[in-house]
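The values are calculated or read from the model by the stated rules, or taken from the named source; none is laboratory data. Note that this is a predicted model, so its numbers are computed, not measured. Backbone-built Cβ (ideal geometry, glycine too); neighbour counts: all protein chains shown.
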Amino acid sequence: MTDRPDSPHSASTRGARGSRAGRPDPADLRQLADSPVSLRRIARLFAPHRATLGVVVALIVLSSAVGLAQPFLVRHVIDDALPRQDVRLLLLLVAAMIGVAVATAVIGVVQTWLSTAVGQRVMHRLRSDLFAHLQQQSLGFFTRTRGGEVQSRLVNDIGSMQGVVTQTATSIAANLTVVVGTAVAMVALSWRLALLSLVVLPPAVLLTRQVARMRHAVTGERQRRLADLHVQIEEGLSVSGVLLTKTLGASPRLTTRFEETSADLVGLEIRSRLAGRWRMATMNIVFAAVPAAIYLAAGFPATSGGMTIGTLVAFVALQGNLFRPLMGLLNVGVDITASLALFSRIFEYADLPVEIAESPDPVRLPRRAAAGEVRFEGVGFAYDADRPVLDGIDLHVPAGSTLALVGETGSGKSTLASLVPRLHDATSGRVTIDGVDVRDLAGTDLADLVGVVTQDTYLLHASVRDNLRHARPGSTDAEIEQACRDARIHDLVSSLPDGYDTVVGSRGHRFSGGEQQRLAIARTLLRDPAVLILDEATSALDNATERSILATLDEVTRSRTTIIIAHRLSTVRDADQIAVLHRGRVVELGTHEELLLRGGRYADLVRGGLGSEPAAA
Ligand SMILES: Nc1ncnc2c1ncn2[C@@H]1O[C@H](COP(=O)(O)OP(=O)(O)O)[C@@H](O)[C@H]1O
Ligand SMILES: [Mg+2]
């Protein structure tokens with residue numbers, strides 16, 4: 001849920017910019033309590049830009065100082081130039097007034113440029129580091145983390161970094177210098193009026209803040225209800241939502257609920273509009289009342305102290321400058337909390353230990369030198385410590401041979417296969433390729449050695465050619481086409497108007513599930529791995545296509561070690577070895593004929609259609 005209800009973009013730009021007159025976000029406070037951030041660490045991030053930041057601060061002070069000259073110029077105009085009708089002096093003063101305005105504007109532009117540049121550089125560094133770091137995280141990390149959260153940190157939280165530098169930090173510096181500078185100038189003009197302002201301003205500022213807070217609360221509530229409404233629309237009117245609603249017969253209930261939420265919104269919307277109006281009204285009253293009080297005071301001999309009209313006008317102008325910076329400073333706490341929480345969230349991710357790290361002293365095994373012999377030696381694995389998924393697995397897959405894994409859903413087939421490319425690391429025992437523990441292998445070599453095709457294919461939103469080349473940069477068009485021929489997808493691709501330049505994905509050509517599967521197989525064949533893992537890779541294909549791919553795969557698998565997981569008899573029958581998994585253990589091992597003769601679990605599975613996994617569409 002959004003917690004910056006002030007702006008319509010709040011959901012996507014949470015972070016540094018504390019909402020005006022808001023209170024610290026409870027989520028931010030919780031974040032900071034859970035993982036406090038070290039200020040030194042933040043300072044280190046900005047350290048390379050120390051010089052630029054120094055210039056930024058200097059510019060802020062300079063522009064505030066220059067800006068303060070304005071009221072004094074006004075006083076000079078009113079008290080000296082106008083009464084004396086001194087045109088020369090008037091021209092000079094007016095030129096100076098314009099000059100001051102131009103100078104402050106230019107300084108402001110330069111300052112924004114510099115602080116944005118620093119903000120962007122720091123953001124770039126963090127973003128790239130975090131991306132690289134997260135890429136190293138195990139598959140387990142991504143399945144554990146709520147969908148979208150990882151992306152959100154990269155995009156939103158780091159995106160808000162920009163705000164920390166350009167807004168929180170510079171606005172604190174700017175507000176502070178303006179407040180101090182203005183206060184000094186006010187005392188210099190008239191200490192009596194300055195004293196008076198001290199009495200009038202704080203209540204005015206606090207009143208405005210109070211009204212702003214009330215508005216904030218109302219808009220927050222409105223935003224939450226609005227989000228409820230969106231969820232209900234999503235649930236009630238999306239295809240899958242409608243399907244669910246209709247089959248559950250929940251339509252009348254949903255309609256009533258929608259009506260209630262919508263009715264709630266009417267009241268909230270009105271209150272929120274009114275609150276906004278009140279806020280404006282209070283500001284207007286304050287902006288009129290404070291100068292009025294000062295004029296009044298200037299009329300009494302006791303408080304006027306014999307000041308000139310020019311001084312009075314200059315003073316009123318000055319105190320008008322004070323209001324907004326004061327309001328801003330009152331929110332410093334909120335802004336700082338939001339910024340620190342932002343850093344805390346980012347650092348939390350940056351500090352995640354890499355579970356599947358490359359060995360500090362990796363063994364090199366280039367693809368060319370590898371035979372591809374795979375061994376599982378006493379392998380055990382558990383996702384959660386108390387529930388073993390694999391236990392005591394011993395399997396030997398000679399180089400160039402095929403091992404088929406069969407068993408019921410959940411028996412651990414995918415998990416076992418995932419240990420070879422190190423998507424997970426075995427909890428006990430070890431997995432070796434050509435006698436080398438996969439954990440000792442250099443990461444790039446392991447990636448070259450092992451190719452995986454699973455049932456869930458993920459294709460990039462890019463052309464067919466680029467999708468394949470992503471798997472092996474530098475491959476020629478001829479190689480790409482050959483891989484596609486082997487995966488029985490070449491004819492289809494070349495029949496498309498754009499051929500191999502056809503873009504894959506929702507905004508391009510929608511390949512069917514089976515076609516995507518074949519593209520994924522082609523992609524892996526292009527890599528020419530020594531060990532090929534096919535986890536339900538052909539399940540999305542119809543029988544005829546599967547048979548035709550298998551015929552080719554038969555050729556390509558002959559030259560490499562293959563671990564195949566499938567639920568179709570035709571797919572596993574010809575494997576050199578078939579391992580039957582049951583509750584994480586190998587309960588039978590042998591060839592198709594041997595296992596059939598034995599009349600055990602495999603024979604049962606064959607009779608029941610090899611495993612209970614339903615054929616995907
Ligand atoms: N990421 C995961 N976290 C926790 N448990 C998991 C995870 N993936 C699979 N499991 C569990 O591990 C067991 C084996 O799953 P899996 O290897 O996918 O079986 P199969 O491929 O034979 O259907 C199942 O009980 C499954 O629920
Ligand atoms: Mg599986």
- Would you point out which residue out of P421, P473 is assigned by TED's automatic domain parsing to the domain that holds A530, more than 13 Å from ligand 1 (Cβ to nearest atom), closer than 30 Å to L595 by Cβ and in a loop (DSSP other than H, G, I, E, B)? P421
- Message: Cβ-Cβ distance below 6 Å, separation of 6 or more or different chains: which pairs start in region 380-408 with a residue that is within 17 Å of S418 (Cβ to Cβ) and end on one that is among the β-branched types (V, I, T) and assigned to a loop (DSSP other than H, G, I, E, B)?
- Response: G380/T427; F381/T427; A382/T427
- Task: Could you check Q223 against (1) more than 30 Å from M123 (Cα to Cα); (2) not assigned by TED's automatic domain parsing to the domain that holds G119 and say which number it fails?
- Result: (1)
- Message: Among (1) surrounded by fewer than 16 Cβ atoms within 10 Å (Cβ to Cβ); (2) over 38 Å from the mean Cα position of the chain (by Cα); (3) part of a helix (DSSP H, G or I), there is one condition R324 misses while meeting the rest; what is its number?
- Response: (2)
- For A404, work out the one condition from (1) more than 16 Å from ligand 2 (Cβ to nearest atom); (2) touching a Lys or Arg at 6+ places or on another chain (Cβ under 9 Å); (3) farther than 30 Å from T502 by Cα it doesn't fulfil. (1)
- Task: Working carefully through the options L589, L597, find the one that is touching a residue at least 12 places away in the same chain (Cβ under 8 Å) and either assigned to a loop (DSSP other than H, G, I, E, B) or over 24 Å from A478 (Cα atoms) (or both).
- Result: L589
- Query: Which one is nearest to L419 (Cα to Cα) among residues in region 509-547 that are crowded, with 21+ Cβ neighbours inside 10 Å and of a type in the set (S, T, N, Q)?
  - Reply: T524
- Message: Six or more apart or on different chains, Cβ atoms under 7 Å: show the pairs whose first residue is in region 558-570 and closer than 13 Å to S418 by Cα and whose second is small (G, A, S).
- Response: I563/A417; I564/A404; I564/A575; I565/S414; I565/A417
- Note on the structure: Within region 511-538, of all residues that are assigned to a loop (DSSP other than H, G, I, E, B) and free of Cβ contacts under 8 Å to residues at least 40 places away in the same chain, the one nearest to ligand 2 (Cβ to nearest atom) is T538
- Residue selected from region 437-458 under the condition over 19 Å from V354 (Cβ atoms) and surrounded by fewer than 18 Cβ atoms within 10 Å (Cβ to Cβ), by the criterion nearest to ligand 1 (Cβ to nearest atom): D456
- Does at least one position in region 563-586 carry a residue that is in the same structural domain as S411 (by TED's automatic domain parsing), within 28 Å of T476 (Cα to Cα), modelled with pLDDT of 75 or more and of a type in the set (S, T, N, Q)? no
- Assess whether F315 counts as being among the aromatic types (F, W, Y) and surrounded by 18 or more Cβ atoms within 10 Å (Cβ to Cβ). yes
- Query: surrounded by fewer than 24 Cβ atoms within 10 Å (Cβ to Cβ) and in contact (Cβ under 8 Å) with a residue 60 or more places away in the chain, is that true of D486?
  - Reply: yes
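Residues checked against (1) farther than 27 Å from V164 by Cα; (2) not charged (D, E, K, R):
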site	(1), (2)
R50	no, no
Q70	yes, yes
L73	yes, yes
D80	yes, no
